[in-house]
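Below is one structure, written out as structure tokens; comments come after it.
The values are calculated or read from the model by the stated rules, or taken from the named source; none is laboratory data. Nothing here was measured: the structure is a model prediction, and the numbers come from that model. All Cβ positions, even for glycine, are placed from backbone atoms using ideal geometry, and neighbour counts span all protein chains on display. Remember, those area values only see protein heavy atoms, side chains included, never the ligands or the DNA or RNA. Shrake-Rupley method; radii C 1.70, N 1.55, O 1.52, S 1.80 Å.
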Amino acid sequence: MGLDTTIAKLHGRQVWDSRGRPTVEVDLWLSDGSLGRGVAPAGASRGSAEAVDLRDGGSALGGFGVRNALSLLNGEIAKNLQGKHFTNQAELDQELIELDGTPNKSRLGGNSLIATSLAFAQAQAAHQQQPLWQSLCTSTPAHLPLPEIQLFGGGAHAAGRIDIQDFMLIAVGAQTFGEALEWTAEVYRTAGELLRESGLLAGVADEGGWWPQFSSNEEALEWSVRAIEAAGFKPGQDLAISLDVAASEFGQSGSYRLSRDQRVLNRVEMLELLKNWLKHYPIISLEDPLAEDDDWKAVIPALGSSVQVIGDDLLVTNASRVQQAATHQSCNALLVKPNQAGTLTETKAALDAAHAAGWQAVVSARSGETEDVAIVHLAVGWGAAQLKVGSFSRSERMAKWNEALRIGEALGSTQLPPKDWFPWHQQNV
Ligand code: 2PG
Ligand code: MG
């Protein structure tokens, strides 16, 4: 069903994200009264080619203020959109792209644009009297994505306490989304108890994963396996490990400084280290194994094809970057973050490019989040195989896992995607 209404009103306001920083929220009304709300999340480990958030700078609020973004939203953007008729999301997003006029959304701000784009999608869904996931859904039957859930948070999300950013769990053996959450909850809780007993418990990192008071990066892998086993599961068979290396945070020009390990590695040595970890730990997925400026053509030949290789900072949710990376076989999966692209249409184009290349798509939240759960609807509506929204604590994360449970009920099935969607898992068992 197409959209046949006009934007009656747009209102931007300042709200606060999970790091206590200001962000931008947009309410958008269609002429029939349908209301949609969108809110911009914020990353800490950002790709250099991401859409740029408009921030005030200066000393107030650490420079993260959004006053300028809001005055443009409630001024120029509202003036240009109010009273205009858009038949679909692509038309609205094209208007936003042209209005901004920069390649990286720096004039009006990626934060304002993604909030507006999302608000329009929600208003369209409200107009159709459907939840967002359903209004986006083109594939039947829809399924819930396999969750990728953080156990330990490091890198830019834990003040660099360890270098690797995300140590995550994927419940590969679970039959349903609910079971995946239950298994992960047991491991998360067990890891916390074991850390407390060992005197290593120091709170949680930005996405709710345990703060990693480890003396080496590899210790976090040992602890992941220990926690899976202590919770009564089989590592690799029930729950496997997934890493977001986020190597752009500690690597540049082919040189990687692992501060926690007091080592500096070149590209070949970095890939050797990861290969060694693949051999010794049940790791099935690696995100950003190299920095965004490095030669990713070396990754799959070095690591083999039995691991999922996800591009985040390298691809920044950009369709032409995905196509280029597919030509070079640099990755086999895409991390999909709407605010990296700046509009939903561009986000979906990147996801479609990944699927066209035979890759998997992992829809992802950011480290700075809010109670907004739209990301889960995008993952389900667009048929993504996987979902990454942080750990298993803190309400900005749990709200999203909980929303997936509700969507599962509406779908009439909490089934996960078919196992043959995850070839690297099959090869690892
Ligand atoms: C990432 C995300 C989520 P950030 O790197 O994948 O973990 O982090 O939002 O800080 O970029
Ligand atoms: Mg990442």
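Here are some notes:
- In region 366-387, the residues that are within 16 Å of ligand 2 (Cβ to nearest atom), of a type outside the set (Asp, Glu) and open to solvent by 10 Å² or more (accessible area, probe 1.4 Å): ILE375
- The number of residues in region 150-183 being among the hydrophobic types (A, V, I, L, M, F, W, C) and in a loop (DSSP other than H, G, I, E, B) comes to 7.
- Filtered residues of region 122-170 (kept if free of Cβ contacts under 8 Å to residues at least 60 places away in the same chain, of a type in the set (A, V, I, L, M) and not assigned by TED's automatic domain parsing to the domain that holds ARG226): none
- Checking each residue in region 270-308 for being away from ligand 2 (no atom under 16 Å from the Cβ) and at positive phi picks out only GLY304.
- Within region 209-218, not a single residue is touching a His at 6+ places or on another chain (Cβ under 7 Å), within 16 Å of ligand 2 (Cβ to nearest atom), touching a residue at least 12 places away in the same chain (Cβ under 8 Å) and part of a loop (DSSP other than H, G, I, E, B).
- Odd one out for ILE114, checked against (1) closer than 26 Å to GLY368 by Cβ; (2) in a helix (DSSP H, G or I); (3) open to solvent by 10 Å² or more (accessible area, probe 1.4 Å); (4) touching a residue at least 12 places away in the same chain (Cβ under 8 Å): (3)
- Where GLY160 falls short, out of the listed (1) modelled with pLDDT under 95; (2) under 23 Å from ASP27 (Cα atoms); (3) small (Gly, Ala, Ser): (2)
- Condition check for TYR188: in the same structural domain as GLU292 (by TED's automatic domain parsing) and outside any strand (DSSP E or B): yes
- Subset of region 358-392 that is within 14 Å of ligand 1 (Cβ to nearest atom) and among the polar types (S, T, N, Q) - its residue that is nearest to ASP420 (Cα to Cα): GLN386
- Number of residues in region 129-161 that are within 15 Å of ligand 2 (Cβ to nearest atom) and buried (at least 20 other Cβ atoms within 10 Å of the Cβ): the value is 9.
Yes/no per residue for (1) farther than 20 Å from ILE170 by Cβ; (2) in the same structural domain as VAL380 (by TED's automatic domain parsing); (3) touching a Leu at 6+ places or on another chain (Cβ under 9 Å):
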site	(1), (2), (3)
ASP244	no, yes, yes
ARG257	yes, yes, yes
GLN262	yes, yes, no
VAL268	yes, yes, no
TRP277	no, yes, yes
PRO282	no, yes, yes
THR317	yes, yes, yes
GLN340	yes, yes, yes
LEU344	yes, yes, yes
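- Flag for ASP352 being under 17 Å from the mean Cα position of the chain (by Cα), within 16 Å of ligand 1 (Cβ to nearest atom) and of a type in the set (D, E, K, R): no
- If only residues of region 258-278 that are free of Cβ contacts under 8 Å to residues at least 24 places away in the same chain and assigned to a strand (DSSP E or B) are counted, the one that is surrounded by the most Cβ atoms within 10 Å (Cβ to Cβ) is LEU265.
- Residue within region 37-55 that is open to solvent by less than 70 Å² (accessible area, probe 1.4 Å), over 20 Å from the mean Cα position of the chain (by Cα) and more than 18 Å from GLY110 (Cβ to Cβ) present: no
- Residue check, ALA69 aliphatic (A, V, I, L, M), surrounded by 22 or more Cβ atoms within 10 Å (Cβ to Cβ) and either closer than 18 Å to VAL316 by Cβ or in contact with a Gly (Cβ under 6 Å, 6 or more places away or on another chain) (or both): yes
- Residue pairs meeting the criteria (Cβ under 7 Å; at least 6 apart or on separate chains; first in a helix (DSSP H, G or I), in region 297-314; second open to solvent by 30 Å² or more (accessible area, probe 1.4 Å) and not β-branched (Val, Ile, Thr)): LYS297/HIS328; ALA298/ARG267; ILE300/GLN329; ALA302/LYS275; LEU303/LYS275; LEU303/LEU278
- Considering GLN340, GLN324, the condition of being in a helix (DSSP H, G or I) and either in contact with a Pro (Cβ under 6 Å, 6 or more places away or on another chain) or within 15 Å of ligand 1 (Cβ to nearest atom) (or both) is satisfied by GLN340 alone.
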